[in-house]
Amino acid sequence: MGAVLSRACNLQWPRYTAARSLGGRLNVTLGMTFPIKDPKEGEPASVPWSLLEPHRSRAMQNHHQPLERLYATGGLNLVELARVITDKAADATMSDTDARKILGIKEPSDAKTD
């Protein structure tokens, strides 16, 4: 079933199981992660899927793609992610610094402590 689902959605789910639920969405298991595009040093490479799931409609409005398709194309960058989880439009002004604060990520200069 997993291989059929992966082909149908053009997705690969290497360590996670997935199944179709009512409404055509993927029902992902607890522990699924969503990738962050081009993370810099000190930034996470992914976030829990559960962080984005409640904001599915905002992700669709901002990117015109469901979360599963965004996942398949490499995820979102930090600013895009912060806009989605704060329910802000895609064209809302937000700096990298603002996005890091929203996501609780220290600034690169703050990350290096001796």
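The values are calculated or read from the model by the stated rules, or taken from the named source; none is laboratory data. The model shown is predicted, which means the values in this text are computed figures rather than measured ones. FYI the Cβ positions are ideal-geometry reconstructions off the backbone, even for glycines, and counts take in every protein chain you see.
Quick check: anything in the stretch 9-17 modelled with pLDDT of 50 or more and aromatic (Phe, Trp, Tyr)?
For the stretch 9-17, residues modelled with pLDDT of 50 or more and aromatic (Phe, Trp, Tyr): absent.
What helices (runs of 4 or more DSSP H), lying completely within the stretch 64-114, carry at least 2 residues that are within 14 Å of PRO44 (Cβ to Cβ)?
Because the criterion is at least 2 residues that are within 14 Å of PRO44 (Cβ to Cβ), the helices (runs of 4 or more DSSP H) in the stretch 64-114 that meet it are 78-85, 96-103, 108-111.
State all residues of the stretch 28-62 that are more than 18 Å from LYS88 (Cβ to Cβ) and outside any loop (DSSP other than H, G, I, E, B); if no residue qualifies, say none.
Residues satisfying the conditions are VAL28, THR33, PRO35, SER46, PRO48, TRP49, SER50.
Kindly evaluate ASP96 against the criterion of being farther than 12 Å from ARG58 by Cα, surrounded by 16 or more Cβ atoms within 10 Å (Cβ to Cβ) and among the acidic types (Asp, Glu).
Spelling it out, ASP96 is indeed farther than 12 Å from ARG58 by Cα, surrounded by 16 or more Cβ atoms within 10 Å (Cβ to Cβ) and among the acidic types (Asp, Glu).
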